[in-house]
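First the structure, in the form of structure tokens, and then the observations on it.
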Amino acid sequence: MCITRRRAEPRRAWGLALALLVAAGSGAAQDLALPANARLTEEQARDPGSYALPTGPWAPGEGLPVRSIEGPITLQAFRLDGSGLTPLQLMAPLRTQLEQAGWTILLDCAGRGCGGFDFRFATEVIPAPAMYVDLSAYRFLSALSPDGAGLSVLTSRDRGSGYVQIVRAGQAAPAVAATAPQPTGPVTPAPTAATGSLAEALEARGHAVLPGLDFSSGSAGLGEGPVAALEELAQWLRANPSRQVLLVGHTDATGSLETNRALSKRRAQEAVDYLAARGIPGAQIGAEGAGYLAPVASNLTAAGREANRRVEVVVISTE
């Protein structure tokens, strides 16, 4: 078995976009485009090799269901400095391109829905610093081509960069081109704390999307366990007792405006209750709901609707 491992040169950059030629089932090539600032940080190849392609979330007592695929195996990691894109916004256009190329999506999950910590360490990931995974903010997708080749995409972010890992199994290593067509139906970037600390985002812009708050359609529940973004917000509010913020909930466009306004306010109230339980005074925090009036993505796609289900923090102090 031949194993190769290569780290990209630090100064390497692509043109207007990065095209990764992915073999489709018909033998044709599909351009899988990443944003223009994506930079290859590491590439690993095994030929022949084997890859355990996840087909479902990790479950207690059952572990991680996988499909073993043999043949050429290629792992690539990319970093997007200063992009401000969330894991979902990185993933959505890639999923669209795969679906349009005839790939079947086997698994599409986020963080806790994948199995959280256990999923992350049960599947193959290029080690840091080439690939970084925030356990509270990552997405994973696996897909199968008509001829049985496998592909997985893992997206995450830290405070300054976005990260994408692409694993190909049972297909030759992709060629890399300097130009590519624009991704079909990209999700519009939203201001988030991912481009710096939450404190920096609030001081500089006065608002930010809180990452890691996952809501199902029609649900207002935050689920169990700590939420990193809210913990950071609580810390900032304790350090700045004169600051006041409003938590604003947002929904997708499923249902009436009245229903969605009520639902979005309940989502914001969940975040407020979380902060109150950590000792933040009620005078510093409030909740409102915008319903579906301020989307960050198209409601015509499942990925877009999920991106629109969010909570933003808005600083309402004027001095």
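Before moving on, here are some points about what is shown:
- Using the Cβ-Cβ distance between ALA283 and ALA122 with R0 set to 30 Å, the FRET efficiency from 1/(1 + (r/R0)^6) comes to roughly 0.10.
- Principal axis dimensions, largest first and in whole angstrom, of the stretch 32-145 by Cα: 40, 33, 30
- Least to most buried among SER161, SER68 (fewest other Cβ within 10 Å first): SER68, SER161
- Scalar couplings 3J(HN,Hα) for the stretch 62-75, obtained by applying the Karplus form with A = 6.51, B = -1.76, C = 1.60 to θ = phi - 60°, are 10, x, 10, x, 9, 10, 7, 10, 10, x, x, 10, 10, 10 Hz; x denotes Gly and Pro.
- Amide H within-cut-off set for VAL125, under 5 Å, with H built and near neighbours excluded: none
- In the stretch 193-315, Rg over Rh equals 0.96, where Rg is the alpha-carbon radius of gyration and Rh the Kirkwood radius from pairwise Cα distances.
Coordinate-derived values only; no laboratory data. Everything quoted here is computed from the prediction, not taken from an experiment. Backbone-built Cβ (ideal geometry, glycine too); neighbour counts: all protein chains shown.
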